[in-house]
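The values are calculated or read from the model by the stated rules, or taken from the named source; none is laboratory data. Note that this is a predicted model, so its numbers are computed, not measured. Cβ coordinates were reconstructed from backbone atoms using ideal geometry, including for glycine residues, and neighbour counts include every protein chain displayed. We work out accessible area using only protein heavy atoms, side chains counted, and drop any ligands, DNA or RNA first. Shrake-Rupley method; radii C 1.70, N 1.55, O 1.52, S 1.80 Å.
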Amino acid sequence: MADVDRGFGTGAWDGGVGLAVSQRLVPWFLFGEAMHWWLGDMDDLRLQNALSYSASVGRAFRDGRIGTLATLSGYTAIIDGTDPPLQAALGISYQPGPGRYSLSLSTTVGLTESVPGWSAAVGWCITL
């Protein structure tokens, strides 16, 4: 859905198949994910098919009203001669009461040159 004429996307289809696992060990949470990607190429840049992966550990506090999550995620090499993407993230969420919403704040640090140096996000989740 990205516009190749504006410098986004390859103009080709990408596809993938993966597996995600999770385990709750009260008050801890463990998550893992791996996915094989078939990546479309651009006219003058060949992309290697890649494996994406992530591992996360989280913990709940104060009867689940506060939560933290640390994640390491990355890919295998996609472009020859370029370090594959690798980043680490840390987040916190807060549910102010027994209501149906929560607030979150997270920051991500790039560990290789192929991802941004850092980013931050603020979230608001409403249960429908």
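Which ones in region 98-128 are under 27 Å from Arg62 (Cβ atoms), of a type in the set (A, V, I, L, M, F, W, C) and open to solvent by less than 50 Å² (accessible area, probe 1.4 Å)?
Ala121, the sole residue that qualifies.
Do any residues in region 29-57 that are part of a loop (DSSP other than H, G, I, E, B) have Cβ atoms under 7 Å from those of residues that are of a type in the set (Asp, Glu), where the two are at least six apart or on different chains, and which pairs are they?
Final answer for the pair search is Leu39/Asp14; Gly40/Asp14; Leu47/Asp41.
Residue-by-condition table, conditions (1) under 16 Å from the mean Cα position of the chain (by Cα); (2) part of a loop (DSSP other than H, G, I, E, B); (3) under 30 Å from Arg46 (Cα atoms):
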residue	(1), (2), (3)
Gly81	no, yes, yes
Pro84	yes, yes, yes
Gly99	no, yes, no
Ser102	no, no, no
Leu105	yes, no, no
Thr108	yes, no, yes
Ser119	yes, no, yes
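Assess whether Gln23 counts as being outside any loop (DSSP other than H, G, I, E, B) and either open to solvent by 80 Å² or more (accessible area, probe 1.4 Å) or among the polar types (S, T, N, Q) (or both). Working first, answer last.
Working: outside any loop (DSSP other than H, G, I, E, B): yes; either open to solvent by 80 Å² or more (accessible area, probe 1.4 Å) or among the polar types (S, T, N, Q) (or both): yes.
When the stated conditions are applied, Gln23 passes them.
When you look at Gly74, is it in contact with a helix residue (DSSP H, G or I) (Cβ under 9 Å, 6 or more places away or on another chain), free of Cβ contacts under 8 Å to residues at least 60 places away in the same chain and not aliphatic (A, V, I, L, M), yes or no? Steps first, answer last, please.
Working: in contact with a helix residue (DSSP H, G or I) (Cβ under 9 Å, 6 or more places away or on another chain): no; free of Cβ contacts under 8 Å to residues at least 60 places away in the same chain: yes; not aliphatic (A, V, I, L, M): yes.
Spelling it out, it is not the case that Gly74 is in contact with a helix residue (DSSP H, G or I) (Cβ under 9 Å, 6 or more places away or on another chain), free of Cβ contacts under 8 Å to residues at least 60 places away in the same chain and not aliphatic (A, V, I, L, M).
Residue check, Ser93 against (1) closer than 19 Å to Ser114 by Cα; (2) open to solvent by less than 70 Å² (accessible area, probe 1.4 Å); (3) among the polar types (S, T, N, Q), all met but one. Which one?
Against the list (1) closer than 19 Å to Ser114 by Cα; (2) open to solvent by less than 70 Å² (accessible area, probe 1.4 Å); (3) among the polar types (S, T, N, Q), Ser93 comes up short only on (1).
When region 92-105 is examined, which residues are found to be in contact (Cβ under 8 Å) with a residue 24 or more places away in the chain and closer than 17 Å to Phe31 by Cβ?
Ile92, Ser93
So, of the residues in region 48-87 that are among the small types (Gly, Ala, Ser) and open to solvent by 50 Å² or more (accessible area, probe 1.4 Å), which turns out to be nearest to Leu105 (Cα to Cα)?
Looking at residues that are among the small types (Gly, Ala, Ser) and open to solvent by 50 Å² or more (accessible area, probe 1.4 Å), I get Ala55.
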